[in-house]
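Notes for the one structure printed next.
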Amino acid sequence: MDLERPRGSTVARAGDTVVGQRLSPELLNRQVTYRSVYLPFVRDGLPESLALFDAADPNLVTGERESTNVPGQALYLMNNGFVLRRGDVMAQRLIEETPEAEERIRLAFKLAYGRKASTLEVEQGREFLWSFTAAAVKKGEERSRAGYKALRVFCQALLVSAEFRYLN
Amino acid sequence: MMSNSELFSRRTALKSISSGFGYLAFAALADQQARAEKKTSAGAPGPLAAREPHFAARAKRVIFLSMRGAPSHVDTFDYKPQLTKDDGKEGKFGRLRGGRLLGSPWEFSQHGESGLWISELMPEISAHADELCLLSGMHTDLPNHPQAQVQMHTGNHQFVRPSLGAWALYGLGSENANLPGFIALNPGNGSAQHFGSAFLPAIYQAARFGAAGGRRNVARRGRGSGRQESVPNIKNPSLETDLQRLQLDYVQKLNRAKLGRDVHQPAVEGVIESFELAFRMQDEVPGLMDLSDESKQTLALYGIDGSATERFGRQCLLARRFVEAGVRFVELSHGNWDHHRNLSEDLPARCNEIDKPIAGLLTDLKRRDLLKDTLVIWAGEFGRTPHGQGGDGRDHNNKGYTTWMAGGGVKGGFRYGATDAHGYEAVAGKMHIHDWHATILHLLGLDHEKLTYRHAGRDFRLTDVHGVVAKKILA
């Protein structure tokens, strides 16, 4: 899969997009939240995140992009600071918008997938938030911190899921 | 979702049957995970599944020791007494007009039962002379580093082509479902093409571990913690494994729900698989890269003792751990062999950095009975001129140089090919990069003419339309 679309959308859904800035490969490697339209390339210096996500090799004429699922991509989505931060920002936005857990879940599905959450999905979301919070508390985490962590991890889960990453 | 069930056409049936394979793959993965506790190396599913070679393989895996910058062959593995005799005489070739021949300042002697001539710069590797197959008739197209390095890795210096390691993985698959099949340790800056899959599916590209370019990594290396090797994004900074598993279970629940909703969605199957492989890698890779379970004797064997041999020693030991765990192709690299000047000091320093680690690797592979089917390859991108440059250096030379192989079904204690009396040009047993590639694939049980991939309307090979297997070096 390619990175640009999910990257742009991730930034937008989380709600911390900055507009109107020239983006260089160095900037992309740093933690910036510009949605990119054009990106200057140094031929041998493809940013690692793009190289991982099948960006066209600047040395090649590429008629059609490869689209792969390699574990390096999954590691990036699971653990990279940029992705974690997007989950964090999205969780903050949900908290600002509504205090109600169920409403937060509905809003999260709307933001991430552009559709209403089904009754089952709301139920599963609640169940996840509850069981994750309980597990974190059991590990000695303070209750409100554990609750926030659960919401952050829930947002990241939506942002890395297949429905968010692929167009139907 | 059930709305079109009344119109269950043949096409829909086929599509939904194929998306059913996603569940099958997932079940297989879950099963493998259960078996992984036994630490067996279950074959990976899909494009990385271990495959039978074209014919009986002599080598099952490769460790490629890449010497960036082109080591001087006439000072290491290609003994030229005539060059010593003619020291100071006017050289016949070279970019510098009237460059004077420079006899090697180092002594050569014979080693092992085979009596191979090797210089005093490689005392520890010399002790393994009877394992070495020296290829002294090597030549390549261009005497420029970037092109020659790319050609050494891909066969072609003009166009972007898949790496040798990517071809090997494409041909043979991987023996371990929890690890990438092709690993490049500490690759140099701007070397993406050396390890790329080009038009082959991206799953065959190398996973680059360690100080892979970038200022951040250089800074990290400079900290001197001794832990230079790392895998990007291998650990979540804020979630413990069991909490992350909860998150991943939720992600997979979302993914499987999508898989169930869509009539046909092969990409989602890939997403499910790659998350599980990544999760298993998180578990397996840090342990593999942690050398603390190695004995003091083993660390000493590789020269991991805080001295100049430490850095490459760690790489060599990691390479053994990776191949032992089932990785198909591991490449290590060591730089700064471009001795235009200061040959007399810099060449011994570089040789010292690699000599003990490589000898340690050969010893360790042998005692674990891995050398017989592990092909170890040592190579620079070209050689250096017999005439001097500025009195204490040598220029680039693509016309003749030496690489070597050990283990993996090659003749030990054997020298194949030769350069002329001064070491300038390959004159016997000539081996171009294409021949070298054909031979490496042959040792892996792959016919370089049959290992093809269709791209842009035709079948491509690692060796293009060239390549002759050097049958004489086969054990």
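The values are calculated or read from the model by the stated rules, or taken from the named source; none is laboratory data. None of the values given here were measured: they were computed from a predicted structure. We place every Cβ from the backbone using ideal geometry, glycine too, and count neighbours over all the protein chains shown. These area figures cover heavy atoms from the full protein model, side chains too; ligands, DNA and RNA do not enter into them. Shrake-Rupley method; radii C 1.70, N 1.55, O 1.52, S 1.80 Å.
Some values worked out for this structure:
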quantity: Cut-off 11 Å between beta-carbons: net charge of the residues surrounding B:Gly383, Lys and Arg +1, Asp and Glu -1; calculated: -2
quantity: Rounded if a/c under 1.5, otherwise prolate or oblate - the stretch B:313-423, Cα gyration tensor axes; calculated: prolate
quantity: Cα shape, the stretch A:67-150, gyration tensor, a/c 1.5 rule; calculated: oblate
quantity: Whichever lysines have a C-alpha closer than 29 Å to that of A:Lys138, once near sequence neighbours (fewer than 8 apart) are set aside; calculated: A:Lys149, B:Lys235, B:Lys253
quantity: In the stretch A:82-121, trypsin sites (Lys or Arg not before Pro) in a DSSP loop with at most 12 other beta-carbon atoms within 10 Å; calculated: A:Arg115, A:Lys116
quantity: Sequence of B:His466, B:His153, B:His422 from largest to smallest accessible area, 1.4 Å probe; calculated: B:His466, B:His422, B:His153
quantity: Average beta-carbon neighbours from other chains, 10 Å sphere, peptide B:236-246; calculated: 5
quantity: Aspartates and glutamates whose Cα lies under 20 Å from that of A:Lys110, excluding same-chain neighbours fewer than 8 positions away; calculated: A:Asp16, A:Asp88, A:Glu96, A:Glu97, A:Glu100, A:Glu102, A:Glu121, A:Glu123, A:Glu127, A:Glu163, B:Asp262
quantity: Under 13 Å, Cβ to Cβ, from A:Arg152 - net charge with Lys/Arg +1 and Asp/Glu -1; calculated: +4
quantity: Gained length - B:Lys235 relative to B:Ser295, 0.36 nm times residue gap less alpha-carbon distance; calculated: 19.0 nm
quantity: Within-10-Å neighbourhood charge of A:Ala117 [Cβ basis; K, R +1; D, E -1]; calculated: +1
quantity: Where B:Asp355, B:Asp130, B:Asp447 fall by accessible area, highest first, once all protein chains stay in place (1.4 Å); calculated: B:Asp130, B:Asp447, B:Asp355
quantity: Distance (nanometres) between label positions extended 7 Å along Cα→Cβ at B:His466 and B:Leu142; calculated: 1.3
quantity: Backbone N under 19 Å from the B:Arg100 label point (7 Å along Cα→Cβ), restricted to the stretch B:315-351; calculated: B:340-345
quantity: Solvent-accessible area of B:Met405 with every protein chain in place, 1.4 Å probe, in Å² to the nearest 10; calculated: 0
quantity: Rounded Å value of the spacing that divides the Cα centres of the stretch B:356-383 and the stretch A:85-112; calculated: 55
quantity: Space enclosed by the convex hull of the alpha-carbon atoms of the stretch B:425-475, per residue, Å³; calculated: 76
quantity: For B:Thr463, solvent-accessible area (1.4 Å; no DNA, RNA or ligand), Å²; calculated: 0
quantity: In Å², nearest 10: area of A:Arg143 left accessible to a 1.4 Å probe; calculated: 150
